[in-house]
Amino acid sequence: MTAISLSSTLPLVYCGRCTRQSVVIGLLLIPVYSVATALGARYFAVGGQRHSRRTTIATLATVAIATLFGALRNYVEGIAKRRSISACAPRAIRAR
């Protein structure tokens, strides 16, 4: 474990953010990560930098689009939630 990994893990453990569920998910994803890394290394060795760059840009574009859709969905849900709360909230009565 590198010093950077250790220094980023300790605050998570200290603040209670490192739960059993997150550890199990991380352990389950280790094979997926390892296979993806091996495939990426092989793809880079065979196709060279040009193909690797195209794949990297496509992956980043996919992540960016997914992030934008997720943010837009959360924004729209937040607006709908605020409207439903304000519609049900009692009106302030002004004294004359």
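In the range 54-68 there is no residue that is at pLDDT below 85, of a type in the set (Lys, Arg) and assigned to a helix (DSSP H, G or I).
Could you list, in sequence order, all residues of the range 2-53 that are part of a loop (DSSP other than H, G, I, E, B) and of a type in the set (D, E, K, R)?
Selection gives Arg17 alone.
Can you pull out every residue in the range 31-51 that is surrounded by 10 or more Cβ atoms within 10 Å (Cβ to Cβ), under 30 Å from Leu12 (Cα atoms) and either of a type in the set (Asp, Glu) or modelled with pLDDT of 85 or more (or both)? Correct list: Tyr33, Ser34, Val35, Ala36, Thr37, Ala38.
The values are calculated or read from the model by the stated rules, or taken from the named source; none is laboratory data. The structure presented is a predicted model; accordingly, all values stated were derived computationally and were not measured. Here the Cβ is made from the backbone with ideal geometry for all residues, glycine too, and neighbour counts use every protein chain on show.
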